[in-house]
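The values are calculated or read from the model by the stated rules, or taken from the named source; none is laboratory data. Small disclaimer: the values here were computed from a predicted structure and weren't measured. Glycine gets a Cβ as well: all are built from the backbone with ideal geometry, and neighbour counts include every protein chain shown.
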Amino acid sequence: MHLLLVEDDPRLVRLLTRLLTQDRHVVDSATTAADGLEIANAAALDAIILDIGLPDGSGFDVARQLRADGSAVPILILTARDAVASRVEGLDAGADDYLVKPFAYEELLARLRALGRRPPPRRGLTLRAGPIVLDETDRRVTVAGEPVDLSQREYAILECLLRRPGQVLSRDQLLDQAWPYGAALTPNTVEAYIHLLRTKLGPDGGAWIETVRGVGYRVRAR
């Protein structure tokens, strides 16, 4: 894999670069947010390993900027911040996975392999349900023609449901498809995000997401 390591700890950069190179990965590195963005926009990368606390900004902002620029490269946040709020912020900023320091190198490799197995995002599809339109090319959602600003997880949940109109998806299925492996979640995570999603879609759009009591959720078929 061609990896970009954005990390301001020089000892960790040297260690990970040596280990990953020994495991036949190609590793570029950056110690600042600005350099990380510059390399990410110029290189054909397979994944980015991204620290949060950078000298010129936050890794969260790097992830947001990459996603805003249309980059779909998988992002693995590697940080000492283990609070649930930080995990949620990182995933909502556009990261695909989150690993807390100190970590086992074998786990880092396993998570990179998992990211590498994910199929590339499909582009050019438009998914619809009633007034809801999801344009995968621009990652844009509208309801009755009006744009709706969704977080990364809200968008992922809506996309999962729209791909299977009329089919009930369980909470576990939505967790598997809309969250990275190992994310810190509570039993009410899906319910909370469904509530937020319905609120943002408004009464016309939110009504198309149905709760099937004791089973899960579905987008109402026409």
Across the stretch 156-184, what is the total count of residues that are in contact with a strand residue (DSSP E or B) (Cβ under 7 Å, 6 or more places away or on another chain), assigned to a helix (DSSP H, G or I) and closer than 18 Å to A207 by Cα? 5
Could you tell me which of the residues A47, A93, A104, A144 is assigned by TED's automatic domain parsing to the domain that holds E159 and among the hydrophobic types (A, V, I, L, M, F, W, C)? A144
Residues being assigned to a helix (DSSP H, G or I) and either buried (at least 17 other Cβ atoms within 10 Å of the Cβ) or out of contact with any strand residue (DSSP E or B) (no Cβ under 7 Å at 6 or more places or on another chain) (or both): count how many of those fall in the stretch 1-27. 12
Taking the stretch 28-48 as the region of interest, how many residues are surrounded by 18 or more Cβ atoms within 10 Å (Cβ to Cβ) and either among the charged types (D, E, K, R) or part of a helix (DSSP H, G or I) (or both)? 5
Pairs needed: first member in the stretch 192-209, more than 14 Å from R153 (Cβ to Cβ); second member anywhere, in a loop (DSSP other than H, G, I, E, B); C-beta distance under 7 Å; at least 6 residues apart or different chains. D204/P131; D204/A144; G205/P131; W208/G130; W208/R220
